[in-house]
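Below: one structure, written as C-alpha cells.
The values are calculated or read from the model by the stated rules, or taken from the named source; none is laboratory data. What you see is a predicted model; the values in this text were computed from it and never measured. All Cβ positions, even for glycine, are placed from backbone atoms using ideal geometry, and neighbour counts span all protein chains on display. Quick note on the areas: whole protein, heavy atoms, side chains included, nothing else; ligands and nucleic acids left out. Shrake-Rupley method; radii C 1.70, N 1.55, O 1.52, S 1.80 Å.
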Amino acid sequence: MVVDIIISTLINGSIYSILAIGFSLVFGVARIINIAHTAFYMLAAFCIYAGTNSFGLHPVLAMGAAIIFVTILGLASYKLIIEKIRVHPAATIIATIALAMIFQEIMILNFGAEFLSVPVLVEGFTVVFGVKITYQQVFTFIFMVILLISVWFLLMKTKLGLAIRATAQDRETANLMGMNESMIALVTIGISVGFAGFAGAIVIPLTVIHPHMWLSPLIIMMAVVVLGGLGSIKGSIIGAFIMGLTEAIIVFLLPMGSFLKGSVALTILIIVLIIKPEGLFGVSIEGE
Amino acid sequence: MSILVYLRRLFVTIKEEIIILPTKVITILFILFLLVLPVILPDSYLMRVLILAAIFAMLTASWDFLSGFAGQLNFGHALFFGVGAYSSALFNLLLKIPPAGSIPLSGLVAVLAGLIIGFPCLRLKGIYLALTTIAFPIILTGVVNALPGITGGELGLSGLDKLTGSRIGDYYIVTLLMLGSCTVMYKLTQSNVGIIFHAIREDEVSLKVSGINTTKYKLLAFCLSGLFAGIAGGVYAHFMRIAGPSTLSVSTSFTIIIYAVFGGVCTIYGSVAAVYILFPLMEVFQLLPQFRTLFFAAIVLIILLYMPSGFIQWIIDKIEKTCSRCGHKNHALRKICRFCERPFKYY
Amino acid sequence: MQLEVINLRVVFNKAMILNDINLSLNKGELVGLVGPNGAGKSTALKAISGLIAWRKKVSKGIIGGDITIDGLIVFNGERIDEMPAHKIVSNGLVLCPERRKPFREMTVLDNLLAGAFLERKKVKIKENLDIVYQLFPKLKSRTRQISGTLSGGEQQMLGIGRALMSQPRLLCIDEPSIGLAPIVRAEVFEKIMEINKRGISILLVEQEISTVFKMTSRNYVISSGQIITEGTSEKLLNDNVIRKTYLGM
Ligand SMILES: Nc1ncnc2c1ncn2[C@@H]1O[C@H](COP(=O)(O)OP(=O)(O)OP(=O)(O)O)[C@@H](O)[C@H]1O
Ligand SMILES: [Mg+2]
C-alpha cells in the first residue's frame, strides 16, 4: 500500500508538475488562461496511438511526431485565434474552452469514445516489498524527471528562460529591458504546449487513451497552479507533488476514492484560496 | 371617457415607441409567437423542444445576470442548475412534496448554494475566481457519485412527479416562468441595482471608497442568479422526471456560456434569443449527433473572432442605431434622429 | 538635440493626463522634470519610453481603459513615438521605472542580466556588470539574494544598475528618492551625478526639489499635465510665483 502510494505520487506528481509549469508560464507571460492546455496532452496521446496503429510507426518515432505536431497545432491556435482576442480575458478563457471541446470532438469522430491503449515501451517488472513495479513505470518516472530538469535548465540557465521569467513576473518592466513581449508569449506557448505533449507522450503507455482524458488532469492541474501560486515555478512543483500525494492517498485508502479525488483536490484548492487568496507560494499578480 | 384616453395613450405609445423600433417589434412578435404556438401547432415534439429551450433560456439569462452584469465570471454555473434539480428531486421523492412546492424550495436551496459559493468568491478576482467557480460543481459531482444511496450515483434520481400532466400545461407554465423571470432580471439590470453592478464590474475599489457595500451587492447577484438557475433546475428535473449528474457537468456549464456569448454578454435578452435560436438548431443536429458539440464550439470561436459583442447584438447594431446626441434609439434606415433630429450620416 | 518631445498628449478614459507637452534634452545634459503629485511626470516618462503605447495595445477593459496617445517624439534624429517599447530600448533610451519594479522573484544577478538582455557579447555583459558593481558595491555582495528581499535603497540601486546594463545613452529615472532615508537618498543622487559624468544624459523626475536643483542644468515644471515653465535652477528658484505655487518652497 505505502509503496503503491509512493509510486503513484511520484508519477502523477511529476506529470502535474510539467502540466502546471506550462500552464502557469503561459498565464504569467501572456495572461492567457489556457483551458485547452491538457487537451494538447490528450492530443499527443491520440497522435501516438494513430502513429503506431494506423501508420505503423515505431513508438519512439510516433512520440517525436506527436510532440512536433502538437506544438505546431498549439502555435497555430494561438496565432490564428487566441492572439486576436487576447485583450479580453474572459473571451480568451471561453475561446480556449471551445478549442478544447473542438479537439475532443474531433478525436471522438476519428477514434470513437472507446478506451484505447498503446503497448508499453519497456516490458517486465520487478518486485519491491511485495509490490509489483513495472519497468515502464520506472522508465516514465525517469523521463519525467529528465523533462523537469530540462524545463528547469531552460528557465534558469538560458537567456530565453530569463526573459520568460522576467516577462511572467512583470510584463511592463520586461518591455523596458528590450524583451519583445509578444514574441516571448509565442515562444512560451510553443514550449508549454510542447511539454504538455511530451508529458502525454511519455505517460500514455501507463494509462488508457480517451477523448475525455484531458478533463481530470485539467482540474487537478488548475488546483496545483493555484495552490502553488500562479507564476511560481517552485510552487508549481511542490503543489503538484502535494496534489499527487493527496490523490494517491484518497484513491488507495477511501472507499469510492476514485470518484472523490477531484473533489478533494478542489476542496483543498478552495480552502487555500479562502485562507490565502494568492496561493501558498503566491506571487501577487500586478494590478492589470 | 377615461378608458378612451387610456386607449389613445396606449395607441400613441405603440405608434411612437414600439412600431418605430424593430427590436421592440421583434420582441413582441416573439412573445406572441410563444404564447399562441401551441394553439396553432400542438405538436408534442415541438413543445418538448421549446420547453427545454425555455428552461435553458432562464438558466443562461441567470448566468448573464451574475457574470455579465455583476462581472463575477462564473465558469461553473451548472452548480446552481444541478443543486436545483437534485434538491427538487429529493423534496419530491423523499418528502413527497408536489412540484408546486418542490420547485420553489429548490430555488431557495440554490440561493443557499449561491451564498455558500458567493462567500469565498467575494475575495477572489480574475483567474482565481474563474478557477474556483469551475471547481464547485466538480466537487459536488464527486460527492454525488460517492453517495449513490442518496443521490442515485451515476444514474441519478428518477421517477419524479410530472410537472402538470399535460404537454400544453407544461409548456405554458415553463414559458411563462421563463418570460417572467427574464423580465425580472432585465428590469433589475436596468434599475439602480444594475448601475451598481455595472460599477462593480468596472471599478470596484472606487465604489467601495464611495461608501457602497459592494459585498452585499455581489452576494445579491450570486443569490438571485442562483434562485433563477435553481428554479430552472427544479423545473428541468420535474419535466424530464430525472435528476442526474449531467446537470452538474462541466459541459453544461460551458454550454451555458456558449449560449450567452452567442447572444451577447450583458444583455439578458441576448441569452434568451440565443437559446431559442441555438437549441432548436441543436435538435436538427440530432440527426448528426457526433457533429453537435463540434459545431457549437466552432460557432463560439467565430462569434468571438468576428462579432465580439455577440451575434444578437451584432444584428441589433445592424437594424438600430443610437443617436449620439440624445441617446435615443432609431431604426437603421432613419436619416435623422426621431427625437432631436440630429442627422446620422456622419456616423 | 538628443531627445525632442513635441505636443505629446495622453488621454485616459477621456481624462487628459498630458496636454501637449514639449520638452527637449541635449546630449550629456541632466534635466529635471518636477511637479506636484499626479501632475503626469510618470506618464510622460512612460509615454516617451513606449509603455503607454504598449498598454494601449495589450489591454482593453479593466484598468487599461480607453487610451489615446498623440505627438511626436524624436530621439537621436529618429522618430520613436511609433516604435514598440522594446525597440526603443535598443536605441539607447532606457527608463528606470517608478517604485523600482525589480523582478522580485529573481536574484539580483538575474535582474541585472535581464537588463542586459539585448547585449549578445558575453564579454561586454561582464564589462557592464563590473561597471555596475563598481558603482554600487553593495549589489556585488548580494548577487545571489532574491531581489524582493532587498531594502528599499538597495532596490533603487538595483533598478538603476539594471537600467545601466541596457547601455543607455539617455537614462530616464522616475523618483529615485521615494521612500528612502536622507543619507541613502544623498547616496543615490551622488550615483546619478556620477552616471551623468560618464556621458549618459539623464532625465530625472523628482519631488525632492532642493537637491535636484543643485544637480540639474535645466528643469521643466509640470502641473496638471501641462509644462508650466522651464529654465535653469537659479531662474526657477528666483521666480517667487513659481516657487510658491508649484514648488511649495
Ligand atoms: N492607468 C491609468 N488610468 C487612469 N488614470 C491614470 C492611469 N495612470 C495614471 N493616471 C492618472 O494620471 C495622472 C498622472 O499620473 P502620474 O503617475 O503620471 O503622476 P505623477 O506626476 O507621476 O505623480 P507622482 O508624483 O505621485 O508619482 C494621475 O491623475 C493619475 O490618476
Ligand atoms: Mg509618478
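Looking across segment C:121-154, the residues that are farther than 21 Å from C:I200 by Cβ and within 14 Å of chain A (Cβ to nearest Cβ) come down to C:K122, C:R144, C:I146, C:S147, C:G148, C:T149. Being part of a helix (DSSP H, G or I), within 14 Å of chain C (Cβ to nearest Cβ) and modelled with pLDDT of 85 or more is a property that A:S182 has.
Reported count of residues in segment C:53-77, each being of a type in the set (V, I, T), modelled with pLDDT of 90 or more and either part of a helix (DSSP H, G or I) or open to solvent by 20 Å² or more (accessible area, probe 1.4 Å) (or both), is 1.
So for segment A:208-222 (the condition being free of Cβ contacts under 8 Å to residues at least 60 places away in the same chain and either touching a helix residue (DSSP H, G or I) at 6+ places or on another chain (Cβ under 6 Å) or under 26 Å from B:S249 (Cα atoms) (or both)), does at least one residue qualify? Yes, the conditions are met somewhere in segment A:208-222.
Is there a residue being within 12 Å of ligand 1 (Cβ to nearest atom), open to solvent by less than 40 Å² (accessible area, probe 1.4 Å) and on the phi < 0 side of the Ramachandran plot anywhere in segment C:78-90? Step through it out loud before you land on a result.
Our first condition is that a residue be within 12 Å of ligand 1 (Cβ to nearest atom); within segment C:78-90, this holds for none.
Scanning segment C:78-90 turns up no residue that is within 12 Å of ligand 1 (Cβ to nearest atom), open to solvent by less than 40 Å² (accessible area, probe 1.4 Å) and on the phi < 0 side of the Ramachandran plot.
For segment C:156-214, a residue qualifies if it is within 16 Å of ligand 2 (Cβ to nearest atom), charged (D, E, K, R) and open to solvent by less than 20 Å² (accessible area, probe 1.4 Å), and the qualifying residues are C:D174, C:E175, C:E206.
Quick check on my filter: what residues within segment C:13-23 are within 14 Å of ligand 2 (Cβ to nearest atom) and open to solvent by 30 Å² or more (accessible area, probe 1.4 Å)? Even if it seems obvious, please write down each step before you answer.
Initially, segment C:13-23 is screened for residues within 14 Å of ligand 2 (Cβ to nearest atom), giving C:17-18.
Answer for segment C:13-23, where residues must be within 14 Å of ligand 2 (Cβ to nearest atom) and open to solvent by 30 Å² or more (accessible area, probe 1.4 Å): just C:I17.
Evaluate the following for C:R243: is it open to solvent by 40 Å² or more (accessible area, probe 1.4 Å), assigned to a helix (DSSP H, G or I) and within 16 Å of ligand 1 (Cβ to nearest atom)? The answer is no for C:R243.
How many residues does segment A:70-79 hold that are farther than 13 Å from A:Y41 by Cβ and touching a residue at least 24 places away in the same chain (Cβ under 8 Å)?
The initial filter retains those residues of segment A:70-79 that are farther than 13 Å from A:Y41 by Cβ, namely A:72, A:75-79.
Then drop every residue that is not touching a residue at least 24 places away in the same chain (Cβ under 8 Å), which leaves A:75, A:77-79.
The qualifying residues number 4.
Among residues that are open to solvent by 10 Å² or more (accessible area, probe 1.4 Å), over 12 Å from the mean Cα position of the chain (by Cα) and closer than 22 Å to B:D317 by Cβ, B:I242 is not included.
Quick grid of which residues meet (1) touching a helix residue (DSSP H, G or I) at 6+ places or on another chain (Cβ under 6 Å); (2) modelled with pLDDT of 90 or more; (3) over 24 Å from C:T216 (Cα atoms):
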residue	(1), (2), (3)
C:F103	yes, no, yes
C:T107	no, yes, yes
C:A114	yes, yes, yes
C:R162	yes, yes, no
C:D174	yes, yes, no
C:P182	no, no, no
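Selection within segment A:129-144: residues that are open to solvent by 50 Å² or more (accessible area, probe 1.4 Å) and among the β-branched types (V, I, T). The member of this set that is farthest from the chain's Cα centre (by Cα) is A:V138.
I'd like the residue in segment B:98-152 that is in contact with a Phe, Trp or Tyr (Cβ under 6 Å, 6 or more places away or on another chain) and open to solvent by less than 10 Å² (accessible area, probe 1.4 Å) and, out of all such residues, is farthest from the other protein chains (Cβ to nearest Cβ). Ranking the qualifying residues of segment B:98-152, first place goes to B:S102.
To keep it simple, each residue is scored yes or no on (1) facing chain B (nearest Cβ under 10 Å); (2) more than 16 Å from the chain's Cα centre (by Cα).
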{"position": "A:I237", "(1), (2)": "no, no"}
{"position": "A:M243", "(1), (2)": "no, no"}
{"position": "A:F252", "(1), (2)": "no, yes"}
{"position": "A:P255", "(1), (2)": "yes, yes"}
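Looking across segment C:35-62, just one residue is among the β-branched types (V, I, T) and within 11 Å of ligand 2 (Cβ to nearest atom), and that is C:T43. Take the conditions among the hydrophobic types (A, V, I, L, M, F, W, C), part of a strand (DSSP E or B) and within 14 Å of chain A (Cβ to nearest Cβ) and apply them to C:L18. Does it pass? No: the conditions fail for C:L18. Looking only at residues in segment A:209-231 that are in a helix (DSSP H, G or I) and within 26 Å of A:N53 (Cα to Cα), the one that is least open to solvent (accessible area, probe 1.4 Å) is A:P217.
Taking the conditions (1) open to solvent by less than 20 Å² (accessible area, probe 1.4 Å); (2) within 14 Å of chain C (Cβ to nearest Cβ); (3) of a type outside the set (D, E, K, R) in turn, A:A95 satisfies each one other than (2).
Apart from one condition, B:T183 fits all of (1) over 19 Å from B:T60 (Cβ atoms); (2) more than 14 Å from chain A (Cβ to nearest Cβ); (3) part of a helix (DSSP H, G or I); the exception is (1). Condition (residue is open to solvent by 70 Å² or more (accessible area, probe 1.4 Å) and in contact with a helix residue (DSSP H, G or I) (Cβ under 9 Å, 6 or more places away or on another chain)) applied to segment B:249-267: is it met by at least one residue? No, the conditions are met nowhere in segment B:249-267.
Picking from B:I268, B:I258, which residue would you name as being within 26 Å of B:L105 (Cα to Cα) and modelled with pLDDT of 85 or more?
Numbers: B:I258 fails: within 26 Å of B:L105 (Cα to Cα).
None of the others qualify; the one that does is B:I268.
Filter segment B:272-295 down to the residues that are buried (at least 19 other Cβ atoms within 10 Å of the Cβ) and of a type outside the set (A, V, I, L, M), then identify the one that is farthest from B:I26 (Cα to Cα). Result: B:T293.
Test C:I73 against the criterion of being in contact with a Leu (Cβ under 9 Å, 6 or more places away or on another chain), farther than 23 Å from C:G159 by Cα and more than 9 Å from ligand 1 (Cβ to nearest atom), and give yes or no. Yes. Of the listed requirements (1) farther than 19 Å from A:E181 by Cα; (2) away from ligand 2 (no atom under 16 Å from the Cβ); (3) open to solvent by less than 10 Å² (accessible area, probe 1.4 Å), C:L109 misses just one: (3). With the structure loaded, tell me whether C:V221 is buried (at least 17 other Cβ atoms within 10 Å of the Cβ), within 16 Å of ligand 2 (Cβ to nearest atom), in a strand (DSSP E or B) and touching a residue at least 24 places away in the same chain (Cβ under 8 Å) or whether it fails that test. Considered against the rule, which asks whether it is buried (at least 17 other Cβ atoms within 10 Å of the Cβ), within 16 Å of ligand 2 (Cβ to nearest atom), in a strand (DSSP E or B) and touching a residue at least 24 places away in the same chain (Cβ under 8 Å), C:V221 comes out as yes. Quick one: would you say C:M83 is within 14 Å of another protein chain (Cβ to nearest Cβ) and assigned to a loop (DSSP other than H, G, I, E, B)? Criteria met by C:M83.
Looking at A:I97, is it of a type in the set (V, I, T) and closer than 30 Å to C:I67 by Cβ? Spelling it out, A:I97 is indeed of a type in the set (V, I, T) and closer than 30 Å to C:I67 by Cβ.
Filter segment C:210-241 for residues that are small (G, A, S) and under 25 Å from C:R185 (Cα atoms) and give the result. The answer is C:S210, C:S217, C:S223, C:G231, C:S233. Selection of segment C:24-39 for residues being within 14 Å of ligand 1 (Cβ to nearest atom) and either open to solvent by 10 Å² or more (accessible area, probe 1.4 Å) or within 14 Å of chain B (Cβ to nearest Cβ) (or both) yields C:P36, C:N37, C:G38.
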